[in-house]
Each structure stands twice: as structure tokens, then as C-alpha cells.
Amino acid sequence: MNPPLKNDRLEWLQGPTATSDQAAKCSAVPAKRKNPWRLVLLGAPGVGKGTQAELLTERLGACHLSTGDVFRAAGKTPDCDKSAAMKAALEYMRRGELVPDSTVWDMVRERSQCILNCAGFILDGFPRTLAQAESLRKLMEDGKLALSAVINYELPLHEIVQRLSGRRTCEKCKSVFNVKERPSKAEGVCDHCAGRLLQREDDRPEAISVRLEAYERLTAPLIRFYENLGLLMPIAARGTPDEILARTIEKMNTETAEQV
Ligand code: ADP
């Protein structure tokens, strides 16, 4: 049997390339449904959005569109290939601050086909401010598309801090571990590909408090925004990733018109 096809997110991660005005193309993933899932994930940093996005992506056959991943991918390109705006964005990110809305929107806009023209998406890390939510609303309205739901992952602050400070990410395959909650078998080594496990620069204690403050001030108001639109779906982010996934799917099945 062939392995399941997974979108490699090339278009999303690379955007239009410097050498051609042809956008990078993802390896195709067949549409599973006539009406694809279009989801936004909300939740404080460290709540496990990225992990859930990965699991939901596989389950729903949608594309995982993470703005944080785009910035991290851009960070790995040689300095001479980075625009001035991208260099500035990476500095904000390193400090744990939000990247300015105009930079984020430029980046998302040049990848808008990933939102408008795909077999469903899971937006992770975007929108993060009311201005970004307005930009997304306009883009979708112009494309005559609607969001299926906005999932808000909830967890008490002290658990968030523990998760962030213990998080380690594989440098090669990006699998996520936690030194306390989900340790790798050998310290510092990925269980899946034997890659090195690293702490993200913005998971250092000084950056964590900046990120949580930015979340409270700028991102938490989005909860009300989407609640008013009747799209909000709160989910307790406690338990194993599989338990949280099951909780999410159950709620999607009871609260949206379509079944997973
Ligand atoms: P987190 O684990 O904090 O949810 P992400 O991987 O989504 O992290 O993003 C990492 C960093 O990238 C953020 O702290 C911020 O600096 C920058 N970033 C990502 N998405 C956005 C956005 N939509 N608006 C502003 N900054 C963003």
C-alpha cells in the first residue's frame, strides 16, 4: 500500500521564490472532501497548537499553514537572500515579540493561494491580532469562502510556562518533545530520526514572558471577535495530544454541520 500523501507545504514555507515569479509548488495532496475544512487555531504559545495542527492535518487532509514555521524557514536562508523586512521580523521573533502586522500580512498575502485554493487549511499562528483577523476576513470574503470553525485551546498559565520551558524540537524532522512531560528516549536525541533536539530561541525564559504578554494584550481579544461571529469552539488543552485531538474531533462533529 502506498504511504498516505502529505502536503509538503513548499508553497507556504517558501512563498514566491527570488529567482522566479512562479510560486513554489507543493507536492499535490488529493482533496478528500467537496467542502474542505477551513480552520483557525487559537491559544496561547505553548498550549500545543502546533502539535494539534499536525494531527488535524493528517486526519482532515488539510494543509498546515503556520506563520511561525514560515519565519523559522526564512531564518535558515542565507542572510543575502533575506529582505530587510524579513531580517527585522526575525529580530522581533527572537525577542518573543509579535512581528508587525504589515510584514505578516505581506507574507500571508503573497501566499494567499494556500488559503483560497487548497484542499482545506489549518491556520496556526495567524491571525494573531484584530487587524490580521480583519485582513483574513476580507481575503476570504473576496474569495467567497467561509471559515468552518475557530478552535481555541485553553490551558492555565502555569502549565503553559512549564510546557514552553521544557519544549525541545528536533532540528531535522521538527518533532516536538518535552523534557518533563514527553521526554525523548535518549536525552537530546530525536526518537524518530536521531536528529539533535534543540530549544527554540523564543522558548528561553526571558522571551517566554514577552510572548505571553503579547498574547494577552493582542491575541486574546480575538476570542471575543470569533465568538461574536459564532465560530468559536473552546477545547481544554489538557491530556495527551491524542486525547486533545479526540476532544477536538468530537466537538467538531457535534458543533459543525459536517462530520470529520
Ligand atoms: P508560538 O509557539 O509562540 O505559538 P509560533 O511558532 O506561532 O509560536 O510563532 C513564533 C513567533 O513568530 C512569534 O512569537 C512571533 O514573533 C512570530 N509570529 C508568527 N506568527 C505571527 C503573526 N501572525 N503575527 C505576528 N508575529 C507572528
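Observations, loosely collected:
- The set of residues in the range 112-159 that are in a helix (DSSP H, G or I) and charged (D, E, K, R) comprises E134, R137, K138, E141, D142, E159.
- Inter-residue pairs, beta-carbon under 9 Å, first within 18 Å of E54 (Cα to Cα) and in the range 162-183, second among the hydroxyl-bearing types (S, T, Y) and in a loop (DSSP other than H, G, I, E, B), 6+ apart: R168/S184; T169/S175; C170/S184; S175/S184; F177/S184; R182/T240
- Each residue in the range 8-28 was checked for being open to solvent by less than 20 Å² (accessible area, probe 1.4 Å) and either within 16 Å of the ligand (Cβ to nearest atom) or modelled with pLDDT of 70 or more (or both), and 2 pass.
- The range 59-85, residues that are assigned to a helix (DSSP H, G or I) and loosely packed, with under 13 Cβ neighbours inside 10 Å: D79, C80, D81, A84
- Candidates R217, R128, R224 - the one that is closer than 23 Å to M252 by Cβ, free of Cβ contacts under 8 Å to residues at least 24 places away in the same chain and not hydroxyl-bearing (S, T, Y): R224
- Of all the residues in the range 167-191, those that are closer than 17 Å to G75 by Cα and buried (at least 18 other Cβ atoms within 10 Å of the Cβ) number 2.
- The residues in the range 86-108 that are loosely packed, with under 15 Cβ neighbours inside 10 Å and more than 10 Å from the ligand (Cβ to nearest atom) can be counted, and the count is 3.
- Scan the range 149-186 for residues that are at pLDDT 95 or above and among the small types (G, A, S) and the total you get is 3.
- All conditions but one from (1) polar (S, T, N, Q); (2) over 27 Å from L90 (Cα atoms); (3) open to solvent by 40 Å² or more (accessible area, probe 1.4 Å) apply to Q162; the one that does not is (2).
- Here R59 clears all of (1) away from the ligand (no atom under 11 Å from the Cβ); (2) out of contact with any strand residue (DSSP E or B) (no Cβ under 8 Å at 6 or more places or on another chain); (3) within 25 Å of L198 (Cβ to Cβ); (4) not acidic (D, E) except the condition numbered (3).
- Unmet criterion (only one of (1) open to solvent by 60 Å² or more (accessible area, probe 1.4 Å); (2) assigned to a helix (DSSP H, G or I); (3) among the hydrophobic types (A, V, I, L, M, F, W, C)) for A194: (2)
- For A31, the conditions (1) more than 25 Å from V161 (Cβ to Cβ); (2) modelled with pLDDT of 90 or more; (3) more than 10 Å from the ligand (Cβ to nearest atom) are fulfilled apart from (2).
- Residue under evaluation E91, criteria (1) under 30 Å from K144 (Cβ atoms); (2) without any contact (Cβ under 8 Å) to a residue 40 or more places away in the chain, criterion not met: (1)
- Qualifying residue in the range 110-120 (condition: near the ligand (Cβ under 9 Å from one of its atoms) and open to solvent by less than 10 Å² (accessible area, probe 1.4 Å)): no
The values are calculated or read from the model by the stated rules, or taken from the named source; none is laboratory data. Keep in mind it's a predicted model, so treat the numbers as computed, not measured. Using ideal geometry, Cβ is built from the backbone for each residue, glycine included, and neighbour counts are taken over all protein chains shown. For accessibility, only protein heavy atoms count, side chains too; no ligands or nucleic acids. Shrake-Rupley method; radii C 1.70, N 1.55, O 1.52, S 1.80 Å.
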